[in-house]
Amino acid sequence: MPNFKPLVFSGVQPTGNLHLGNYLGAIKKFVDLQKSHDCIYCVVDMHAITVPQDPAELRRNIREVTAAFIACGIDPVKHIVFNQSRVHEHAELAWIFNCVSRIGWLNRMTQFKEKAGKDRENASVGLYSYPNLMAADILVYRATHVPVGDDQKQHLELSRDIAQKFNNDFSASIDTLGLGPEFFPLPEPLIQGPATRVMSLRDGAKKMSKSDPSDYSRINLTDDADSIAQKIRKAKTDPEPLPSETAGLATRPEADNLVGIYAALTDMDKQGVLKEFAGSNFSTFKSALVDTAVEKLGPIGAEMQRLMQDTSYIDGVLADGGARAQTIAGPVMRSVKDILGFLR
Ligand code: ATP
Ligand code: MG
């Protein structure tokens, strides 16, 4: 494997209700990685339309995810922030990957099964081939590292399989053109820390999600202090006090979730949190969690609201980011066409 220049890529869908899981599982990591890496952060609007979207709502949500990125601390000048549909190379490479990826591989994807539900015949083809587009998003920049929540692990593995198969299938052509030995890196998932899978506040067995009909299941990044407090106080728990060791959380999913959230918000690990709260009941622990959540999320929500008023600034960020993204994606896509034998 040659040395690819380290580059971070990740995306968030503009599907509304950005929540604490998106923040702790993804966006907070995006912010941290800026110190050590060049980063590209994308508002993946083409993924959003794999399920029906209202155009006015979609426009608003694209701006809201952009505002969230910036409010959380992403620097769109030093790094790149843009919306996916602006850079047509994503769609072009996705088509090629539709022809590299295998139906058998996609059939194993659990996200499609969950999102399509019982009415699979009526799901969009886009929802099914979503992971091929995701592979294209990453590989059109030849990105090496991808920070995501645990739910995206399987898709990342598919991206690696696609990169590997492309490198193998076209190795002779890649070699002849002097573009090898490997043309694509095998992108590495970065899934670490105590909150890679934040669970619903109402049901410790379900992931916190944008689409849960109960607003009490999640903390939205735009929630005010009162809503955050109310949602945490109402969060499902059990009657036992907190244990002193993480092993004691193994059969207590709701407790485990709240401890993980507290740990991630305060940059501790779960054991450190338990050291502080062993033997405490939930009313004590929840009070501390409310204080911490309000302290960390309050300023983010306020800054998001402020940025959302300034659409010309947000739109400028996306236009500038798109143009800079294209200077990387364009040459990669031209090489891909040469490798395949397309005349251009
Ligand atoms: P949707 O229901 O529309 O898929 P989503 O909440 O899953 O919404 P995405 O835009 O698909 O949001 O994902 C953005 C990022 O947030 C991804 O890296 C994903 O892994 C991460 N993420 C989503 N939900 C959680 C969660 N509950 N805990 C940790 N990370 C999460
Ligand atoms: Mg998702």
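For the range 271-289, a residue qualifies if it is open to solvent by 50 Å² or more (accessible area, probe 1.4 Å) and touching a helix residue (DSSP H, G or I) at 6+ places or on another chain (Cβ under 8 Å), and the qualifying residues are 271, 284.
On the basis of being under 20 Å from the mean Cα position of the chain (by Cα), at negative phi and surrounded by fewer than 22 Cβ atoms within 10 Å (Cβ to Cβ), does residue 165 make the cut? No; evaluated as a whole, the condition is false for this residue.
Can you tell which of 200, 159 is touching a residue at least 12 places away in the same chain (Cβ under 8 Å), buried (at least 19 other Cβ atoms within 10 Å of the Cβ) and closer than 22 Å to residue 262 by Cα? Checking each option against the conditions leaves just 200.
Conditions tested, residue by residue: (1) assigned to a loop (DSSP other than H, G, I, E, B); (2) not aliphatic (A, V, I, L, M).
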| site | (1), (2) |
| --- | --- |
| 243 | yes, yes |
| 247 | no, no |
| 262 | no, yes |
| 285 | no, yes |
| 303 | no, yes |
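For the range 142-181, a residue qualifies if it is over 30 Å from residue 23 (Cβ atoms) and of a type in the set (D, E, K, R), and the qualifying residues are 165, 169, 175. Across the range 1-22, a minimum of one residue is classified as open to solvent by less than 50 Å² (accessible area, probe 1.4 Å), away from ligand 2 (no atom under 15 Å from the Cβ), within 21 Å of residue 94 (Cα to Cα) and among the β-branched types (Val, Ile, Thr). Scanning the range 49-67 for residues being in contact with a helix residue (DSSP H, G or I) (Cβ under 6 Å, 6 or more places away or on another chain) and either of a type in the set (D, E, K, R) or closer than 19 Å to residue 38 by Cα (or both) gives a total of 2. Filtering the range 112-140 down to residues that are open to solvent by less than 10 Å² (accessible area, probe 1.4 Å) and out of contact with any Lys or Arg (no Cβ under 9 Å at 6 or more places or on another chain), which residue is nearest to ligand 2 (Cβ to nearest atom)? Residue satisfying both the conditions and the ranking: 131. Sub-8 Å Cβ pairs linking a first residue in the range 58-72 that is under 9 Å from residue 45 (Cβ atoms) to a second residue that is at pLDDT below 95, at least 6 apart or interchain, are 61/16, ordered by first then second residue. With respect to being within 10 Å of ligand 1 (Cβ to nearest atom) and more than 14 Å from the chain's Cα centre (by Cα), residue 64 falls outside the description. Which one is nearest to residue 282 (Cα to Cα), of the residues in the range 249-260 that are part of a helix (DSSP H, G or I) and either out of contact with any helix residue (DSSP H, G or I) (no Cβ under 8 Å at 6 or more places or on another chain) or among the small types (Gly, Ala, Ser) (or both)? Restricting to residues being part of a helix (DSSP H, G or I) and either out of contact with any helix residue (DSSP H, G or I) (no Cβ under 8 Å at 6 or more places or on another chain) or among the small types (Gly, Ala, Ser) (or both), the top hit is 255. Has the range 187-195 got at least one residue that is of a type in the set (Asp, Glu) and in contact (Cβ under 8 Å) with a residue 12 or more places away in the chain? Within the range 187-195, one or more residues are of a type in the set (Asp, Glu) and in contact (Cβ under 8 Å) with a residue 12 or more places away in the chain. In a residue-by-residue description of the range 224-237, the property of being buried (at least 21 other Cβ atoms within 10 Å of the Cβ) and within 16 Å of ligand 2 (Cβ to nearest atom) applies to no position.
The values are calculated or read from the model by the stated rules, or taken from the named source; none is laboratory data. This structure is a prediction, so every number in the text was calculated from the model and none was measured. Positions of Cβ are backbone-derived with ideal geometry, glycine not excepted, and every protein chain shown enters the neighbour counts. Accessible surface areas use protein heavy atoms only, side chains included; no ligands, DNA or RNA. Shrake-Rupley method; radii C 1.70, N 1.55, O 1.52, S 1.80 Å.
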